[in-house]
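Undergrad: First, the structure itself, so that you have it in front of you.
The values are calculated or read from the model by the stated rules, or taken from the named source; none is laboratory data. Source: prediction; values computed, not measured. Neighbour counts are summed over all protein chains in view; Cβ atoms, including those assigned to glycine, are modelled from backbone coordinates with ideal geometry.
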Amino acid sequence: MNVLAPVPSSLEAELRAHVGRHVAKTFDWDAFPSNRGFPDLERAQMRYIGAGGSPKVGDSSTLKPEHFTLSLIYKHVGKYAACHAHEIEESFLIIDGVLTVGWERDGEVVEVKLGPKDMILNARDIGHGFRNDGIEPVLMSISVDVGKPLPPRYLYHPKNTAPELARSFGAQPGRTIAFSPTGEHPLAQHMARYVIRHSEQPTLWDGAGFTRKVYVGPGGIESDTCRKEMLGVPVGVGVKPYAREVEDAFLVLEGSLTVGWEDEAGNGVEVELGPRDLVLNPAGRRHWFRNNSAGPVTVWQVIGTAEPETVRFEAA
């Protein structure tokens, strides 16, 4: 006897259509055509929401962006990204490895090293590049704070700049400055407002039983585009359904998170997300999360507004 699989409801099908499974995706090693012919610039992109800084805006496997994009970037040891600038903020959240990020101004560069769960929000129109000087590959999440960003403006690219100058992000010899949060150099002082160290950011306990570390938004880096937070959800903790006026996204970094949606009639469906899986919750959609697993969950959350939090979470 043939047993037919149940037909998913329209709500369940919609939820599944808003999930990006890490194992169902592939890294694109040609996401940035400007890198072609320059092996030192090699990097791969895995797109979840929108195209980010890649010109491949027609990728049907990605979720439609509204207020932000989100992708993963993989960088081999010794490789770098040429110094460029954007018209909007762009964040780098390190997942694995150690990344060196440089900001350039007038031939001087301030370099900062970021480890796992550290983040930098690259400010608008600031020349920035990154390089893997470590001993292991770097995996990071990049989020550009607009749905359809303009192409990056390259300031020091090896196609029109000496290779050694491009690799130093435009710093002349002897003009690279190591980052210090208390440094006196104006560019270092500017960068200090945009760097978040995970270990130094306060852990806030929500009344619903989970933790928050605010990276971008009130209590973190000031911004007028999006908020970004790291959530810690202990075993057995969940929240009741809530909705926002804008979209939000959950990228699971560690553990397993159950996410549910609810329709107007109160019907609900759920899906379980593993490490590096993502769900995009549209504006107005009532949704919730819960940790049904045997261990804690760490979640990277991006919210499509800079306004302070209006949701009052209730424990489920």
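Undergrad: Out of all the residues in the range 117-143, which are assigned to a strand (DSSP E or B) and β-branched (Val, Ile, Thr)?
TA: ILE120, VAL138, ILE142
Undergrad: For the structure I just gave you, tell me whether GLY147 is touching a His at 6+ places or on another chain (Cβ under 9 Å), assigned by TED's automatic domain parsing to the domain that holds LEU187 and modelled with pLDDT under 95.
TA: On the way: touching a His at 6+ places or on another chain (Cβ under 9 Å): yes; assigned by TED's automatic domain parsing to the domain that holds LEU187: yes; modelled with pLDDT under 95: yes.
In short, yes.
Undergrad: Report, by residue number, each residue of the range 223-263 that is of a type in the set (Gly, Ala, Ser) and outside any loop (DSSP other than H, G, I, E, B).
TA: Matches in the range 223-263: GLY232, GLY238, ALA249, GLY260.
Undergrad: TRP261 versus (1) more than 26 Å from GLY147 (Cα to Cα); (2) in contact with a helix residue (DSSP H, G or I) (Cβ under 7 Å, 6 or more places away or on another chain): which is the lone unmet condition?
TA: (1) is the only condition that TRP261 fails.
Undergrad: Scan the range 178-193 and give yes if some residue there is touching a residue at least 24 places away in the same chain (Cβ under 8 Å) and either part of a strand (DSSP E or B) or outside the structural domain of VAL101 (by TED's automatic domain parsing) (or both), otherwise no.
TA: Yes, the range 178-193 contains a residue that is touching a residue at least 24 places away in the same chain (Cβ under 8 Å) and either part of a strand (DSSP E or B) or outside the structural domain of VAL101 (by TED's automatic domain parsing) (or both).
Undergrad: All but one of (1) charged (D, E, K, R); (2) surrounded by fewer than 16 Cβ atoms within 10 Å (Cβ to Cβ); (3) assigned by TED's automatic domain parsing to the domain that holds ALA162; (4) not in a loop (DSSP other than H, G, I, E, B) hold for ASP40; state the number of the condition that does not hold.
TA: Exception for ASP40: condition (2).
Undergrad: How many residues does the range 150-188 hold that are in contact with a His (Cβ under 8 Å, 6 or more places away or on another chain) and of a type in the set (Gly, Ala, Ser)?
TA: Residues that pass the stated criteria total 1.
Undergrad: Just to be sure I understand the filter: pairs with C-beta atoms under 9 Å, separated by 6 or more residues or on different chains, first member in the range 153-168 and free of Cβ contacts under 8 Å to residues at least 24 places away in the same chain and in the same structural domain as ASN35 (by TED's automatic domain parsing), second member part of a loop (DSSP other than H, G, I, E, B) and surrounded by fewer than 19 Cβ atoms within 10 Å (Cβ to Cβ). Which pairs pass?
TA: Matching pairs, first to second residue: GLU164/PRO173; LEU165/GLN172.
Undergrad: Is there a residue being touching a helix residue (DSSP H, G or I) at 6+ places or on another chain (Cβ under 7 Å) and either more than 22 Å from TYR154 (Cβ to Cβ) or surrounded by fewer than 22 Cβ atoms within 10 Å (Cβ to Cβ) (or both) anywhere in the range 87-100?
TA: Looking for residues that are touching a helix residue (DSSP H, G or I) at 6+ places or on another chain (Cβ under 7 Å) and either more than 22 Å from TYR154 (Cβ to Cβ) or surrounded by fewer than 22 Cβ atoms within 10 Å (Cβ to Cβ) (or both), one finds none in the range 87-100, hence no.
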